[in-house]
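Read-outs: derived from the displayed coordinates by stated rules, not from any lab. Everything numeric in this text was worked out from a predicted model, so none of it was measured. Virtual Cβ from ideal backbone geometry, glycine too; neighbours counted across all protein chains shown.
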Amino acid sequence: MSYQTDRSNVSRTHVNNRKKKKQRIILSILIPLFTFILIGSVYFAKLFATIGNEIDASFAEIDRHGPVEKVNPIDEPVSFLFLGVDNNEERQLGSTRADSIIYATLNPMTHEMNMVSIPRDTFVPIKHEGETVRFDRINAAYAVGQESAMVQTVEEWLDVPIHYYATFNFTAFLDIIDELGGIEMDVPVAIQEMDSNDQMGSIVLEKGLQTLNGEEALALARTRKIDNDVERGHRQQLIIEAIIEKALNLGSITKYTGIAETAGSNMQTNMRMSDMTAIAQTGLNDSFKITTHIFEWSSFTERGMDLVKIKPESFNLIQNELINSLNKDEESTTSTSSTAN
């Protein structure tokens, strides 16, 4: 009887030990997992709080001539005007003009993004407060009425809507690239360029695929020695593509706080945090195909200015592509287009 009791106790002890061992294994998995989730939750809460604060600080609405169509970026196509200005507190250039002008559309149904760089010397009617101020280079609109005049001028010239704008100075451009750890770019030819402090010959790039830091990417974007102003705009589009590709890499997530702080202090936009979140949400299920367009152009001189005229055939073709990309249906339709001014 005593022997049977001892065997029973030993058996129960063995079972209890196995249960405890199993519980320890489960806990050894769950505790680190829950710790990771907790730390991750705190990190992302801090991340979104930081981004939200920075985006709110950079928000600036602009005066619009006429009603503005409201869109939901989650299920409706949206358009953007990206402006780059080469000015900051150190340079104090006074009457600033837009150095980079890029119009882009994003369609969440077709998962396509279309971009076109507008040559800054393009001769167009400058619009502000519903009136034509004068005919000039398109980048002069920024000096006339900053983002408000730029948006109205581009909208009426291309005959397309602009839902959002974002203006960056080049400090943000190079700092964001540095925060990302550089971007991959195929440099077309060897170049020697000045840096962001206008020190001539400070940046030397060899031909070929390579990782560029912020200063090097800025030099590649700004140089006029290797081609023309239109190709320069195309290079800027390719650099934006490279930044988007690097930013969407999972390894870049931990760098978003620094990027948000950099962008927020060097950006002005009419996008709220909710707008940006909705736009980002559209890319969760599938990546976007990015198509870049380049205007064909010719040069001419007027009033002593070297100017650019976009060829009507090229203008009509690209304008149609942009209008079609803003269609709410997945199948694009043909649209009647206007001619370039």
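For this structure, a couple of remarks:
- Across region 71-78, computed HN-Hα scalar couplings (Karplus, 6.51 cos²θ - 1.76 cosθ + 1.60, θ = phi - 60°) run 10, 10, x, 5, 10, 10, x, 10 Hz from first to last residue, x flagging Gly and Pro.
- Backbone HN-Hα couplings from phi across region 101-110 [Karplus 6.51/-1.76/1.60, Hz, Gly and Pro as x]: 10, 10, 9, 9, 10, 9, 10, x, 7, 8
- With neighbours defined as other Cβ atoms within 10 Å of a residue's Cβ, the residues I226, I138 order from fewest to most as I226, I138.
- Order of Y142, Y164 - criterion: other Cβ atoms within 10 Å of each residue's Cβ, fewest first: Y164, Y142
- Taking other Cβ atoms within 10 Å as a rough exposure proxy, D99, D136, D63 sort from fewest to most as D63, D99, D136.
- Positive end of the dipole of region 59-325 (Cβ unit charges, origin at the Cα centre): among A98, L238, S298, the Cα lying farthest that way belongs to S298.
- Charge dipole (Cα centre; +1 on Lys/Arg Cβ, -1 on Asp/Glu Cβ; no other charges) of region 59-325 amounts to roughly 300 debye.
- DSSP beta bridges in region 59-325 [antiparallel fraction, %, rounded to 5]: 75
- Label positions at D159 and K70, each projected 7 Å from the Cα along the C-beta direction, are separated by 2.9 nm.
- Each residue of region 128-142 was assigned a 3J(HN,Hα) from its phi angle through the Karplus curve 6.51 cos²θ - 1.76 cosθ + 1.60 (θ = phi - 60°); the sequence is 7, 6, x, 10, 7, 6, 5, 8, 6, 4, 4, 6, 5, 4, 5 Hz, with glycine and proline shown as x.
- The distance from the alpha carbon centre of region 56-77 to that of region 127-200 is 19 Å, rounded to a whole number.
- Residue-count net charge about I177 - beta-carbon cut-off 10 Å; Lys, Arg +1, Asp, Glu -1: -4
- Residues whose amide H comes within less than 5 Å of that of V133, counting only those at least five positions distant or on another chain, are I126, K127, H128 (H built at 1.01 Å from N in the peptide plane).
- Only one residue of A190, A172, S202 has its Cα farthest out toward the positive end of the dipole of region 155-215, where Lys and Arg carry +1 and Asp and Glu -1 on Cβ, and that residue is A190.
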